Structure formats: C-alpha cells, structure tokens
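Input: a single structure, listed below in structure tokens.
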Amino acid sequence: ADVAPGLLDSTRTLLVHVVEVDGLAPRIGVPASDLMPYVSFQVSNYQEHFTRTMRGPSCRFDDRARVAVRVDRAFCAWAGRGGLHVVVFDAGAPPAGATEEQIGLIGEVHVPVAQLLASPYAQIEARYPLQRRLGGGPGSAGPAPLP
C-alpha cells in the first residue's frame with residue numbers, strides 16, 4: 001500500500017466507531033427480539049475490542065475504540081490485506097460447539113482501511129452490509145474507522 005509522507009514509522013490514533021447494526025436475522029426458531037448482538041474487531045496485532053451486548057435485530061451501539069498504532073510495514077501489510085475484520089455475534093446463542101452457528105456468529109464484514117494510509121487526514125465513514133447472515137435475512141453494520 002502507498003503510504004503518505006510522514007505516516008510511515010509514526011504513531012497514530014485510529015478511532016473505530018461502531019454506530020449500529022440493523023436488520024439482523026435471528027437463528028431459526030428464535031424471535032428477532034431475543035437477539036443479543038455484540039460486535040468484535042481487532043486492529044492489526046493489537047488487542048481485540050468488544051462492544052457491549054445489546055438486544056434486538058436493530059441496535060445503536062455508539063461504541064468508540066481508540067487504538068494507538070505504529071504505522072510500520074507490518075501495519076501497512078495488514079491494511080492492504082483486507083483491513084479491519086468486524087464480526088457480529090449473538091450472545092444469546094447457547095454454547096454448543098465450534099461451528100459458526102454454534103458460537104453465535106451473525107455476520108461479518110471486512111472494512112478496507114488501506115485508504116487511511118493515503119493521508120494523515122484520511123477517514124472512512126460508511127455502512128457495510130454483513131457478508132454472512134445466518135437465517136438469510138438482511139443486515140448491516142455501521143463501523144466507521146477514522147484516523
């Protein structure tokens with residue numbers, strides 16, 4: 001990935017703002033109102049972040065995580081490989097095994113963050129449709145990673 005002058009080998013604060021999830025599909029046989037979604041993501045090799053658990057198919061998280069990142073070659077490689085992997089889980093799913101359905105996976109999305117390397121002032125603000133939705137219903141998540 002191309003890196004703006006002054007960014008490489010600097011430390012920056014990456015702000016990831018998970019605004020909301022909307023239209024999540026519940027597991028088969030579970031009412032949508034019983035969904036207990038939470039969002040998880042990990043910036044490069046830094047600590048994984050979890051939002052609080054909410055209730056229902058549409059929730060406003062308004063969760064902000066600030067991560068001080070070293071913009072080194074490893075971070076740039078991570079950004080260029082697909083970037084921020086955001087996963088939505090259902091905390092109400094009974095622990096039953098290791099399959100995606102059994103761990104309560106609702107959906108996931110990869111937020112392309114390489115564009116943040118183009119400028120020290122670059123930002124991303126968008127809604128992202130979930131790539132996998134158990135039950136086949138619609139759903140989206142609203143994370144917005146900002147530098």
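The values are calculated or read from the model by the stated rules, or taken from the named source; none is laboratory data. As the structure is a prediction and not an experimental result, all values here were calculated from the model. Cβ sites come from the backbone with ideal geometry, for glycine too, and all protein chains shown count toward neighbours. Ligands, DNA and RNA are stripped out before the accessible areas are found, and what is left, the full protein with its side chains, is counted by its heavy atoms. Shrake-Rupley method; radii C 1.70, N 1.55, O 1.52, S 1.80 Å.
Annotations for the structure displayed:
- Breaking point among (1) touching a residue at least 40 places away in the same chain (Cβ under 8 Å); (2) closer than 22 Å to P120 by Cα, for P5: (1)
- Among residues of the stretch 70-93, those that are touching a strand residue (DSSP E or B) at 6+ places or on another chain (Cβ under 8 Å), within 11 Å of L117 (Cβ to Cβ) and not in a loop (DSSP other than H, G, I, E, B), counted: 2
- Put simply, of D22, D34, D9 the only residue that is open to solvent by 50 Å² or more (accessible area, probe 1.4 Å), more than 13 Å from the chain's Cα centre (by Cα) and more than 18 Å from A91 (Cα to Cα) is D9.
- Any hit, the stretch 39-49, residues being farther than 18 Å from I103 by Cα, out of contact with any strand residue (DSSP E or B) (no Cβ under 6 Å at 6 or more places or on another chain), assigned to a loop (DSSP other than H, G, I, E, B) and open to solvent by less than 50 Å² (accessible area, probe 1.4 Å): yes
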